[in-house]
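Each remark here refers to the structure printed beneath this line.
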There are 2 protein chains.
Amino acid sequence: MSANSAFSKLDALSRKLEAIEHAQSMLGVDEAVMMPVGGGEKRAETMSTLAGMYHEMATAPEVGDWLGDAEAEPLDEMQSLAIREFRRVHTNMTCLSADFVRKQVNARIRAEQLWRELRPTGDWAGFLPAFEGLVATAREEAQLRADVLGLSPYDALMEQYDPGNRVAEVAPVLNDLKTFLKDFVPAALAHQEAKLARRPLKPLNAPFAIDKQKALGLVMMEAVGFDFEHGRLDVSHHPFCGGVPTDIRMTTRYTEGEFLTSLMGILHETGHGLYEQGLPKEWTHWPVGRARGMAMHESQSLFVEKQIARSPEFWEWAMPHVREKLGAEAIAGWDLEDVLAHVHFIERGLIRVDADEATYPLHVILRFELEQDLISGKLAPKDVPAAWDAKMREYLGLSTIDNMKDGPMQDVHWPSGAIGYFPSYTLGAIIAAQLWSAIERDQPNAREDMRNGRFVGINDWRRENIWSQASKYSTPELLQRATGEKLNSKHFQEHLARRYLS
Amino acid sequence: MSANSAFSKLDALSRKLEAIEHAQSMLGVDEAVMMPVGGGEKRAETMSTLAGMYHEMATAPEVGDWLGDAEAEPLDEMQSLAIREFRRVHTNMTCLSADFVRKQVNARIRAEQLWRELRPTGDWAGFLPAFEGLVATAREEAQLRADVLGLSPYDALMEQYDPGNRVAEVAPVLNDLKTFLKDFVPAALAHQEAKLARRPLKPLNAPFAIDKQKALGLVMMEAVGFDFEHGRLDVSHHPFCGGVPTDIRMTTRYTEGEFLTSLMGILHETGHGLYEQGLPKEWTHWPVGRARGMAMHESQSLFVEKQIARSPEFWEWAMPHVREKLGAEAIAGWDLEDVLAHVHFIERGLIRVDADEATYPLHVILRFELEQDLISGKLAPKDVPAAWDAKMREYLGLSTIDNMKDGPMQDVHWPSGAIGYFPSYTLGAIIAAQLWSAIERDQPNAREDMRNGRFVGINDWRRENIWSQASKYSTPELLQRATGEKLNSKHFQEHLARRYLS
């Protein structure tokens, strides 16, 4: 490829964009982990200026020309995929006018600020005008994207988060899961009640010193494959996995009263980190070298958290490490079943982010259904509280009609304008279970490996089938190639039944 | 000022450049404080890409046009100064061709890599070819700059570090100081010997726990005026003061065997930090809003370290804090004189960075003299070892002829191409003493303030006369305005005599 080829020009541009993203990512990490409060104003100005520079460079008129020219150049297979993905990203980035984006940013800022102010008191009436403005803008955005992408409006929104995911394929899978969960959740709760009647939940022997918890977390991270030459663990108020593939910055939050929440959180974020660390190094500056969307990313974190780190086999291996790192008194007299009773504890609740893996999908499906109707116009913003309450009562037997704070005002997503994102969470859980089944099919000793703290085979499979594939394929294609099956919730249902009904 | 004015265009460009600098600065801090080793390669690539983007934007052809247009626009006084300083920076940045800069970067990389490899064994013969290449390029650079700036070649190099500093004014001051020190150093050493014979140096009661040392450092930083809303202290292998004015990132390095070196280092870097924190907020994105050069910056760190933190008055206040933070046993049975014997301890040595304030200037003057001759061609690179040895013997009575490692190969400056920088260190020490004298003239109770841990008056004076002035004036103008005197070493000589001969 000559240095004057359109492909080379896009390669050079990609390196500049990657440098800005690297800076944005690390400045974001620094802000959460290190920055003193007075640095915030100038930092926000800097982030906004860098974002503007990024957008200006990525959407400059010549970029479209280079893409057209590159498509006509002789390219090898990976280069062709790189151009296809660059084109997809470019189309998604350029399909809204600058005027519309400004209007949208204002609607989002207004709604999010008002949400932060009014959420504590659940003042829906106060919030509604901003929410109406936001939904109107989201409908307009969905239509603008739909026109360019040749998709339905809601599909066009989902396309930003999970390329290739369509309501036509996703909705039946989630409906199937919903039907399953309506009977499963009561059965699992009854099963748990009977178990706990026989063997009550043992209290944790707090306090757990934070340095000891950290040491335990580091051992677990390393065991499941995190590369500390290319990443680290810090503390922040909201745990996250940030940084860049060669330098993953994970955070957690500790409390001395309990160690399992933080440990599971660390392992969840480690799943995100492993995906990033496993991306192909030579393509990190191209869109095709990035992780494939939100659902696949969440599948990797949920794989480590739910499939590995909450499994009985994992805990057989982990319990001696807990005793060694936290001290023998931490879980004195505990058997495996006592830990599992904690990490498998389920209950119905109002709040999505606090939900367990059995009830979480119902929270997501509720939002998925409501936001489709919001975008299509079938549901008016003012009618959300009633619709929310009806579904909460139907799916989880709980009412939120007098509790907006823990009902439709609980999440930041809608106020910040993220519509089409919620399904990714549960698709991630479904994909994680589907991947585990495929691994067990290919590696019949996978559970035995976990029991012995060996994660190399499991990680090699994921590296080959998911991580190294980056964004070469759409989300459904990637899943089909990796597992030989289309997206389906069968494996997730079996996973839940095995864990919560036996 | 209309949004279409040339001034406004330069203002908008400055905000973009500031955002890149903010990113570069914080990525640099992160690299030293947080980054895992495997992140280095991509980080280096990112830094290089950002530097290229910065240079491209700052030297784009239209910038020169905007400067010309802005000079003709109606500007208030500060705006005029802003354009003047922008012009100065722009001239310094554009006076070398891209081809020359590439050649120079290669010469520097080669020399610095070879220096790192050969310094441990002091292999001068192996290093010489690269050093010759480097000096040849530096001579060419000096001539190119000199032609554009209308200065002599060496002045043109100094101009990058300390705008307005000229050999014609600096050399007589440093010569005067050299003459003074030739007699002063032996006298001060004899005085010290007599003192220590009467009252021997008390050993420190190590170990000093690192968390206690950190607590002590934070108390001292806060006392001398560091704003922790806009900065923090961390640990790195090489201590530095980085970040941005609204978010100063200082580092230090601790050893359990000793606490004074780290504490003095913290206070030195705090001096740099105070300067940055005191810059005018509304101009941080313009060159005129930056700190005024290396000598003035060093004067601020040396002011805090040498004028304040090694003074008897400071230690009268500080000793109870040391006892409180490190524990009473840390300096059990010590009087003020015992601490002062440590913080005023002087000795002749080969290594500049280890030198005390009495001998340090002689190391600098040696380099200042040699590098002028290297640039003029009077001294050939191959003759540096002999010239270095002759001066070391004359100034400090020590020979380096068989010890290149601790002779001309000790510093990274020349191998990395920084010629014209060394004088800044000693000019900083001279300026710090000159500023102290001016403060004592204006605030006769300044020493009494220190004795009581009150630094507000001293800092207000510096804020008004130095920090808030940013880069409105050249280094000599700024000093003259602040102290009412031209640069002179009288106050520094008096400071040394008071401290080391009484």
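The values are calculated or read from the model by the stated rules, or taken from the named source; none is laboratory data. A quick note: this is a predicted structure, and the numbers were derived from the prediction, not measured. Glycine gets a Cβ as well: all are built from the backbone with ideal geometry, and neighbour counts include every protein chain shown. SASA here: full protein model, heavy atoms, side chains in, ligands and nucleic acids out. Shrake-Rupley method; radii C 1.70, N 1.55, O 1.52, S 1.80 Å.
Could you tell me which numbered condition B:Leu151 fails, if it satisfies all but one of (1) in a helix (DSSP H, G or I); (2) free of Cβ contacts under 8 Å to residues at least 24 places away in the same chain?
(1)
Considering each residue of the range A:117-143, count those that are touching a residue at least 40 places away in the same chain (Cβ under 8 Å) and under 26 Å from the mean Cα position of the chain (by Cα), and give that number.
Adding up the residues that qualify gives 11.
Hey, any hits in the range B:206-225 for a residue that's over 18 Å from B:Ser301 (Cα atoms) and within 13 Å of chain A (Cβ to nearest Cβ)?
yes
Filter the range B:441-453 down to the residues that are touching a residue at least 24 places away in the same chain (Cβ under 8 Å) and open to solvent by 10 Å² or more (accessible area, probe 1.4 Å), then identify the one that is nearest to B:Glu316 (Cα to Cα).
Looking at the filtered set, the residue picked out is B:Arg451.
Among B:Glu313, B:Glu282, which is surrounded by fewer than 23 Cβ atoms within 10 Å (Cβ to Cβ), within 14 Å of another protein chain (Cβ to nearest Cβ) and out of contact with any strand residue (DSSP E or B) (no Cβ under 6 Å at 6 or more places or on another chain)?
B:Glu282
Conditions (1) among the aliphatic types (A, V, I, L, M); (2) in contact (Cβ under 8 Å) with a residue 12 or more places away in the chain; (3) open to solvent by less than 10 Å² (accessible area, probe 1.4 Å), marked per residue:
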{"residue": "A:Asp402", "(1), (2), (3)": "no, no, no"}
{"residue": "A:Gly407", "(1), (2), (3)": "no, yes, yes"}
{"residue": "A:Ala429", "(1), (2), (3)": "yes, yes, no"}
{"residue": "A:Ile439", "(1), (2), (3)": "yes, yes, yes"}
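From the list A:Leu302, A:Leu274, A:Leu216, pick out the single residue that is within 18 Å of the chain's Cα centre (by Cα), in contact (Cβ under 8 Å) with a residue 60 or more places away in the chain and closer than 23 Å to B:Met35 by Cα.
Among A:Leu302, A:Leu274, A:Leu216, only A:Leu274 is within 18 Å of the chain's Cα centre (by Cα), in contact (Cβ under 8 Å) with a residue 60 or more places away in the chain and closer than 23 Å to B:Met35 by Cα.
Kindly indicate which of A:Glu269, A:Glu258 is among the acidic types (Asp, Glu), under 22 Å from the mean Cα position of the chain (by Cα) and not assigned by TED's automatic domain parsing to the domain that holds A:Glu394.
A:Glu269
In this structure, does B:Arg87 turn out to be touching a Cys at 6+ places or on another chain (Cβ under 6 Å) and closer than 30 Å to B:Ser468 by Cα?
no
Here is a check on your reading of the model: is B:Pro172 surrounded by fewer than 16 Cβ atoms within 10 Å (Cβ to Cβ) and within 20 Å of B:Gly428 (Cβ to Cβ)?
It is true that B:Pro172 is surrounded by fewer than 16 Cβ atoms within 10 Å (Cβ to Cβ) and within 20 Å of B:Gly428 (Cβ to Cβ).
When you look at A:Trp414, is it part of a helix (DSSP H, G or I) and of a type in the set (A, V, I, L, M, F, W, C), yes or no?
no
Could you figure out which of (1) away from chain B (no Cβ under 14 Å); (2) open to solvent by less than 30 Å² (accessible area, probe 1.4 Å); (3) closer than 15 Å to A:Pro287 by Cβ isn't true of A:Ser80?
Failing condition for A:Ser80: (2).
Say we look at the range B:19-28 and pick out the residues that are farther than 23 Å from B:His237 by Cβ and not small (Gly, Ala, Ser); which of these is most open to solvent (accessible area, probe 1.4 Å)?
B:Glu21
Restricting the range B:3-28 to residues that are under 20 Å from A:Ser48 (Cβ atoms) and among the polar types (S, T, N, Q), which is farthest from the other protein chains (Cβ to nearest Cβ)?
Ranking the qualifying residues of the range B:3-28, first place goes to B:Ser8.
Working carefully through the options A:His237, A:His230, A:His268, A:His272, find the one that is open to solvent by 10 Å² or more (accessible area, probe 1.4 Å), within 14 Å of chain B (Cβ to nearest Cβ) and not aliphatic (A, V, I, L, M).
Of A:His237, A:His230, A:His268, A:His272, the one residue that is open to solvent by 10 Å² or more (accessible area, probe 1.4 Å), within 14 Å of chain B (Cβ to nearest Cβ) and not aliphatic (A, V, I, L, M) is A:His230.
Filter the range A:34-52 down to the residues that are small (Gly, Ala, Ser) and within 7 Å of another protein chain (Cβ to nearest Cβ), then identify the one that is least open to solvent (accessible area, probe 1.4 Å).
Once the filter is applied, the top-ranked residue is A:Gly39.
Could you identify the single residue in B:Glu56, B:Glu31, B:Glu62 that is within 14 Å of chain A (Cβ to nearest Cβ), exposed (fewer than 13 other Cβ atoms within 10 Å of the Cβ) and of a type in the set (D, E, K, R)?
Exactly one residue qualifies, and that residue is B:Glu56.
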